[in-house]
1. Determine which member of the set ALA301, ALA366, ALA291, ALA335 is of a type in the set (A, V, I, L, M, F, W, C), open to solvent by 10 Å² or more (accessible area, probe 1.4 Å) and touching a residue at least 12 places away in the same chain (Cβ under 8 Å).
2. Just to be sure before I move on: is GLY354 under 20 Å from LEU460 (Cα atoms), assigned by TED's automatic domain parsing to the domain that holds LEU505 and in a helix (DSSP H, G or I) in the structure I sent?
3. Among the residues of the range 53-62, are any in a loop (DSSP other than H, G, I, E, B) and either modelled with pLDDT of 95 or more or open to solvent by 20 Å² or more (accessible area, probe 1.4 Å) (or both)?
4. ALA422: without any contact (Cβ under 8 Å) to a residue 24 or more places away in the chain, surrounded by fewer than 20 Cβ atoms within 10 Å (Cβ to Cβ), assigned by TED's automatic domain parsing to the domain that holds PHE504 and out of contact with any strand residue (DSSP E or B) (no Cβ under 8 Å at 6 or more places or on another chain), yes or no?
5. Quick check on ALA356: is it within 18 Å of the chain's Cα centre (by Cα) and within 16 Å of ligand 2 (Cβ to nearest atom)?
6. What is the residue count in the range 425-460 for residues that are in contact with a strand residue (DSSP E or B) (Cβ under 7 Å, 6 or more places away or on another chain), within 16 Å of ligand 1 (Cβ to nearest atom) and closer than 20 Å to ILE497 by Cα?
7. Considering only the range 106-125, state which residues are within 13 Å of ligand 2 (Cβ to nearest atom) and either farther than 25 Å from THR39 by Cα or in a helix (DSSP H, G or I) (or both).
8. Sort out which residues of the range 215-232 are open to solvent by 40 Å² or more (accessible area, probe 1.4 Å) and either touching a residue at least 24 places away in the same chain (Cβ under 8 Å) or in a loop (DSSP other than H, G, I, E, B) (or both), and write them in order of number.
Amino acid sequence: MTTLIPILGDQLSPGLSALEGADPETSVILMMEADEETTYVRHHKAKIAFILSAMRHHAAALREAGWTVDYVRLDDPDNSGSFTGELARAIERHAPERIVATRPGEWRVLAAMQEWEDRFDLPVELREDSRFVCTHAEFDAWAEGRKQLRMEFFYRDMRRKTGLLLDEHGKPEGGEWNYDSENRKPPPNEPLLIPQPLRFAPDAITREVLDLVARRFGNHPGSLDHFVFACTTQDAQKQQAHFIKHALARFGDYQDAMLTDQPYLWHSILSPYLNCGLLDPLALCEAVEAAYREGKVPLNATEGFIRQIIGWREYVRGIYWREGPNYAQRNALNATRPLPGFYYDGQTDMHCMGQAIGQTMDHAYAHHIQRLMITGNFALVAGIDPHAVHRWYLEVYADAYEWVELPNTLGMSQFADGGLLASKPYASSGNYINTMSDYCGHCRYDVKAKTGAKACPFNLLYWDFLDRNEDVLGKNQRLAMPYRNWAKRPDKDKQTIRADAKRFLDSLTR
Ligand code: FAD
Ligand code: DLZ
Ligand code: SF4
């Protein structure tokens, strides 16, 4: 009468839907370290180490809680290397009567799971992932018939559904749904006051995994030298509490700020834990709201943070599943340039890019504005193939799973879906980076120069990007002003910008 319950590397939650109603006496949980999962893109070494260590710790916690866990390690000589191959071997071992699983976070894995029933001639129940606020059906009902799928309106529905930050009349706390007008200040000039996230020294389990990853994935990007991730729910909860106590109050103010050699600023560094299941998103939002109700943090920070989780995070997931498996192939701007090699080592004389990429290789982390307005902005204005950009983001961040990474990269950052997610491309000249960071002061390029050998590449590429894509973007109302400004430029200026941009872009391939 055995039920076999596979639990994947991003399903490390004690309350996972696949476990609901299961009897520990008659159930076997199957956890699989699988070569296919570690290599379908060349994940950052620290990302692999984090997931494998969190899986091993979770297996131990499940056993402690009374479950039988069949755990297949990567270096098991009989490991077939795939979820389906390992399920086949586990069926031989346990002769289950049925399989119960929670839906995975990726079309690729869902397609494999949907074949299991026929392949193994066993009933397979795939349950909705109850760790999200919005179900697929609810998202589709919300999106149906709308011309534009704007996050802001979706977010208000999620506030109403969860009751987060509503007053006693069901109205938004403080009278507004969104306090962004009070957020997004340039960086402060007080580096000593910047909080740092907790650092978790690797225990014996993590050390064993770090050795394994160093031996097996030496050719993958990134470093293991700075590995300080929490690998258990208890430690991830410590980082959650640490963030709420030390950083949340200024999260809104400095959400978009960037400073040299300061990767974290007032961000939470909680996405790896939320996405693999060590933390519960709703419990986190409730803890953040409680800090506000106790008068410890201001409303702009509280609302801004909760919006990222029940707004953006839920919204991009809805888009991913709604748009289907071919979403990854879109390329509305027909961008084809290969990804420059410096995306893997940070060796570029553009200081902003060197900073964002360097810390990514060290920590498998960069905050949102670095991803969107530095590395993403550069790829966009340089015309890099969005599929190559997507693979890079999926590889290098410890929080990257396709359901969340793809819409953010392909849609929000690269405009490759033609504007489904963003009403205009997130393209900017160096001016934005100069306002929001101290990077330009450390750079060999001149952010004020518009042309010539010292001109900031973002200045050249921004106008060249608009010029190159006028067919697709020229009618976008939100770009009317820059296109008017471009039209007013003398032809001679335009030719210089085009030539300088071409010279710079050619140098990328050399
Ligand atoms: P904080 O700034 O502290 O924000 C709090 C939480 O809000 C995050 O932990 C995250 O769960 C959520 N959040 C914030 N913005 C977003 C967003 N746009 N989409 C989804 N959730 C959001 N996030 C991922 O979790 N995985 C990814 O693979 C990923 N890829 C991205 C790729 C690009 C090109 C861009 C522009 C953004 C991407 N993001 C991704 C969103 C965002 O950058 C990260 O969630 C955030 O930087 C994580 O750091 P943090 O935990 O310190 O976040
Ligand atoms: C990302 C990842 C990696 C690197 N390794 C494993 C693994 O060995 N075993 C596992 O169960 N999951 C792993 N994962 C996460 C899966 O790729 C993830 O479950 C799918 O992408 C579906 O979201
Ligand atoms: Fe980046 Fe340009 Fe500023 Fe240099 S000058 S840091 S390339 S924005």
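The values are calculated or read from the model by the stated rules, or taken from the named source; none is laboratory data. Since the structure is predicted, the reported quantities are computational estimates derived from the model, not experimental observations. Ideal geometry is used to build each Cβ from the backbone, glycine not excepted, and the neighbour counts take in all protein chains shown. The area values use the complete protein model at the heavy-atom level, side chains included, leaving out ligands, DNA and RNA. Shrake-Rupley method; radii C 1.70, N 1.55, O 1.52, S 1.80 Å.
1. Matching residue, one of ALA301, ALA366, ALA291, ALA335: ALA335.
2. In short, yes.
3. no
4. Considered against the rule, which asks whether it is without any contact (Cβ under 8 Å) to a residue 24 or more places away in the chain, surrounded by fewer than 20 Cβ atoms within 10 Å (Cβ to Cβ), assigned by TED's automatic domain parsing to the domain that holds PHE504 and out of contact with any strand residue (DSSP E or B) (no Cβ under 8 Å at 6 or more places or on another chain), ALA422 comes out as yes.
5. no
6. So the answer is 0.
7. Those that are within 13 Å of ligand 2 (Cβ to nearest atom) and either farther than 25 Å from THR39 by Cα or in a helix (DSSP H, G or I) (or both): TRP107, ARG108, VAL109, LEU110, ALA111, ALA112, MET113.
8. ARG216, GLY218, ASN219, ASP225, HIS226
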